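Just below is one structure, and these are the notes that go with it.
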Amino acid sequence: MQISGAQMVIESLIAENVEVVFGYPGGAIMNVYDEIYKQNGFQHVLARHEQAAIHAAEGYSKATGRVGVAMITSGPGFTNAVTGLADAYMDSIPMVVISGQVPMSLIGTDAFQEIDAVGISRPCTKHNYLVTDAKDLPRILKEAFYIASTGRPGPVHVDIPKDVTAQIEEFVYPESIELETYKPTVKGNARQIKKAIDAIGEASRPIFYLGGGIINSNAADEVRELVNMTNIPSVETLMARGTLGADNENLISMLGMHGSYAANMSMSEADLMIAIGARFDDRVTGKLSEFAKHARIIHIDIDPASISKLVNADFPIVGDVKNVVKEMIPLAKERIDGQKYAQWRETVANFDKLHPLSYQDSDEVLKPQWVVERIGQLLGDDANITTDVGQHQMWAAQFYPFSRPRQWITSGGLGTMGFGFPAAIGVKRGCPDKVSINVTGDGSILMNIQELMTAVEYKLPVINVILNNNYLGMVRQWQTMFYDKRHSQTDLSMQPDFVMLAQSFGGLGYRVKTKEEFDAALKDAVEKNVVALIDVTVNRLENVLPMVPSGGSLFNMMLEYKDK
Amino acid sequence: MPEERRVISVIVINEASVLSRIAGLFSGRGYNIDSLTVAPIPESKYSRITIVTQGSVLVIEQIIKQLHKLIPVLKVYEHANLVEKEMALVKFPVTECLSDIAALCAAYNGKIVNVSEDFMICNVADIPQRVDNFLKAIKRFHPKEIVRSGVVAMEI
Ligand SMILES: Cc1ncc(C[n+]2csc(CCOP(=O)(O)OP(=O)(O)O)c2C)c(N)n1
Ligand SMILES: [Mg+2]
């Protein structure tokens, strides 16, 4: 079949079973958009900003486990998308992002809307391509999807000059991939696995440290089985929320900077850590030299570069988490006595009794934690939760009763304000039967507020719950605690009318100051199934607690903050 | 942590973007590359890149792991036992003592390779440390220009 490069893009996406592309057109990508107009193999969702198009594709990918696809034009279209690429890179999200480029003959001439896109995307993608000949397009797109979704997943960027999309060549979509230099290890070393099981058997205070790699690897069922069978106390990272489920007896809670006292203390007291798909982020470990310093470490990860990067692993196991854990299960059944850790479990339970994750509710003002808990009570398993970045994100992670993997979608590695709303649009597109809730802040929501239009146009009814503290709250909290209350540039007293704002885009807005009003607003928005902004006035100076101050040790938590 | 000199060989697919990917791993961490040589491996689609750098054990280990992760990278060796060679070209005014220079070059596997009206050029090829020594020794002949090739290396 002789077709143009632009048609090849369409045919390749269809061959990859892509059902939706999030994007934004422009000069250099117009040939491809012309073909999008003519086809009906997939839907194109027109975001209102390229960054949002990428976040929407990320949300779609995280909710469904499929590769997210986004399309943008050259120059400013591409540079707008860079934050999204970096976000997907940091959180290992499988994505294929296709950008237009100026024609080959103009590359390097400072042509209109020319920028060295592959030069910019190189450090924030898993791999990237500049396509110089349409003959290479089918192979490159096939490789892009393969590389994005295998090994440690990540975004792949494909930059296509305009003349290449016009070039006509024979099209055959390759059936197989030949990448001599890329062969991710998926199977764990059997001897290492045996040794690890023996180490667990010998330990008296073991702990599972569960990371986002479990979600990426679709291994939550296997991990839950292993945890339940061994009865070993477990902590989840921010990215792993939903792995075990809130009602699992072995789940202590989240660990890290805003993890629970019990989670962090247990980690500090453990004599063996089993890290699964986790990468020892500084927001998790606190002061590295004090992190789990009594523990021997088993580290299971698909990415060899993650193992012993920050903390030396005594039992490194490179492999896909799902495969490795599957192999651990029968061995664990044989060799590990689930009753053995009863005393350790009691110690952990006592930590939790001593300082449970809690907050002081109030009759006078809405507490943000209450709002999160209440969403959980009203919607629970029926909602998927995305967030922006800040205090609201931490409260959502702490207090929502997650019940399954892929229910929780947040920007962890990059911490991108503006992620939540477009991501929630992608989540809704991927999981239309769940309520898509974005727990956001009054600062973050304005960073991609234009997506109200996308959500309304495509009938993707995302409900944004704004925990409105009239502050860039997380920064304000640090200023309060560590900068003598000099609240430099964090006061957001100047606010739009969120109700009118939502209405002007064709959505619904709610102003909420009491518990009753919140219940009524959320129920109404869910029932009407519309795009909504629920502007919830919450206690202005609430702090996220407990807290490990930056660089501090996990066992030195600030449990309360007393205003001096 | 102490910094050590390291020689790393990387076998890569010979394609346009590969050098920038590799250099980016160093520059993005603020690490300098002391020398870097690239040439195709005969009768293959691969090239060999030889990198000399300084760094702590941990940093180099991480860079090597990251090098492995690059898609067009086939193999990475961090050399322990190896033969290293480097070449240098040096330009002298012809007014200097030619026989002394020729004798010195010979001691470092080199010779005079070009003489023009005003200048002569000689080359030497030796292990990097000895090239350093040679370059110190010829200072008194007022070299006008020095070009070093960077290190190539082979496992023993
Ligand atoms: C794009 C971006 N810019 C700046 C920051 C730094 N930052 C982290 S949290 C935060 C405050 C967020 O305010 P808001 O959305 O109101 O959430 P709150 O903390 O008040 O819940 C800021 C500015 C960031 N994470 N992302
Ligand atoms: Mg705020």
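Structure notes:
- Trypsin sites (Lys or Arg not before Pro) lying in DSSP loop within the stretch A:126-212, provided at most 16 other Cβ fall within 10 Å: A:187
- In the assembled protein chains, residue A:493 presents an accessible area of approximately 70 Å² (probe radius 1.4 Å).
- Spatial separation of Cα centroids for the stretch A:315-362 and the stretch B:9-41, in angstrom: 43 Å
- Within straight-line reach of residue A:194, meaning a Cα separation under 15 Å, sit the following aspartates and glutamates at least 8 residues removed in sequence or on another chain: A:202, A:314, A:327, A:334.
- Rg/Rg_globular for the stretch A:374-465, with Rg_globular taken as 2.2 N^0.38 Å and Rg from C-alpha atoms: 0.98
- Between residue A:228 and residue A:381, the simple label model (points 7 Å from Cα in the Cβ direction) yields a spacing of 1.3 nm.
- Relative contact order (%) - criterion: Cα under 8 Å, at least six apart; region: chain A: 14 percent
- Relative to its residue count, the protein assembly as shown spans a Cα convex hull of 199 Å³ per residue.
- With contacts taken as Cα pairs under 8 Å at a separation of at least 6 residues, the stretch A:2-170 carries a relative contact order of 29 percent.
- Total accessible area lost when A and B pair, probe 1.4 Å, Å² to nearest 100: 1300 Å²
- Each semi-axis of the equivalent ellipsoid for the stretch A:72-206 is √(5λ) with λ an eigenvalue of the Cα gyration tensor; in descending order they amount to 39, 19, 9 Å.
- Our estimate of slack between residue A:136 and residue A:40, defined as 0.36 nm per intervening residue step minus the Cα-Cα distance, is 32.1 nm.
- Protection proxy ranking, peptides A:87-98, B:127-138, B:4-15, average beta carbon neighbours within 10 Å, highest first: A:87-98, B:4-15, B:127-138
- Rg [Å, one decimal], Dmax [Å, integer] - the stretch A:368-537, C-alpha atoms: 15.0, 47
- Relative packing of A:386-395, A:107-116, A:175-184, B:116-125, which averages over residues the other C-beta atoms within 10 Å, highest first: A:386-395, B:116-125, A:107-116, A:175-184
- Cβ-Cβ FRET estimate between residue B:44 and residue A:528, R0 fixed at 45 Å, reported to 0.05: 0.10
- Relative contact order (%) - the stretch B:1-128, alpha-carbon pairs under 8 angstrom, separation at least six: 25 percent
- Distance distribution P(r), the stretch A:510-564, all Cα-Cα pairs, bin width 5 angstrom from 0: 4, 16, 16, 13, 9, 10, 11, 12, 7, 1 percent.
- Rg over Rh [alpha-carbon atoms, Kirkwood Rh] for the stretch B:37-119: 1.16
- Taking the empirical scaling 2.2 N^0.38 Å for compact globular proteins as reference, the stretch A:144-199 has a Cα radius of gyration ratio of 1.86.
- Built from the Cα atoms of the stretch A:46-95, the convex hull projects on average onto 3.0 nm², one quarter of its surface area.
- Summed side-chain charge close to residue B:34 - residues other than residue B:34 whose Cβ falls under 14 Å, Lys, Arg +1, Asp, Glu -1: -2
- Listed pairs A:38/A:459; A:135/A:434; A:187/A:428; A:183/A:326; A:38/B:69; A:434/A:515 exceeding 32 Å between Cα atoms: A:135/A:434; A:187/A:428; A:38/B:69
- Antiparallel bridges, percent of DSSP beta bridges restricted to chain A (to nearest 5): 5 percent
- Restricting the stretch A:410-508 to trypsin sites (Lys or Arg not before Pro) that sit in a DSSP loop and have at most 16 other Cβ atoms within 10 Å of their own Cβ leaves A:459, A:485, A:486.
- The eigenvalues of the Cα gyration tensor, multiplied by 5 and square-rooted, give the stretch B:4-80 an equivalent ellipsoid with semi-axes of 20, 13, 11 Å from largest to smallest.
- Ranked by how many other beta carbons lie within 10 Å on average, peptides A:76-83, A:499-506, A:555-562, B:85-92 from highest: A:76-83, B:85-92, A:499-506, A:555-562
- Kirkwood Rh and Cα Rg combined as Rg/Rh, the stretch A:190-354: 0.91
- Anchor residue A:62: aspartates and glutamates whose Cα lies under 12 Å away (excluding residues fewer than 8 positions away in-chain): A:91
- Volume per residue of the C-alpha convex hull in the stretch B:83-155, rounded to whole Å³: 72 Å³
- All-pairs Cα distance distribution in the stretch A:232-322, expressed in whole percent, bin size 10 Å: 17, 54, 28, 1
- For the stretch A:1-151: span of alpha carbons on each principal axis (Å, largest first): 40, 35, 30
- Cross-link partners of residue B:75 among aspartates and glutamates, defined as those whose alpha carbon lies under 13 angstrom from its own and excluding same-chain residues fewer than eight positions apart: A:180.
- Per residue of peptide B:71-77, the mean number of Cβ atoms on other chains within 10 Å of the residue Cβ is 3.
- The Cα center of the stretch A:523-548 and the Cα center of the stretch A:154-230 differ in position by 35 Å.
- Label positions at residue B:99 and residue A:247, each projected 7 Å from the Cα along the C-beta direction, are separated by 10.0 nm.
- Rounded to two decimals, the Cα-based Rg/Rh of the stretch B:1-143, with Kirkwood Rh, is 1.08.
The values are calculated or read from the model by the stated rules, or taken from the named source; none is laboratory data. Remember, it's a predicted structure, so these values are computed and weren't measured experimentally. Positions of Cβ are generated from backbone atoms using ideal geometry, with glycine treated the same way; all protein chains shown enter the neighbour counts. SASA here: full protein model, heavy atoms, side chains in, ligands and nucleic acids out. Shrake-Rupley method; radii C 1.70, N 1.55, O 1.52, S 1.80 Å.
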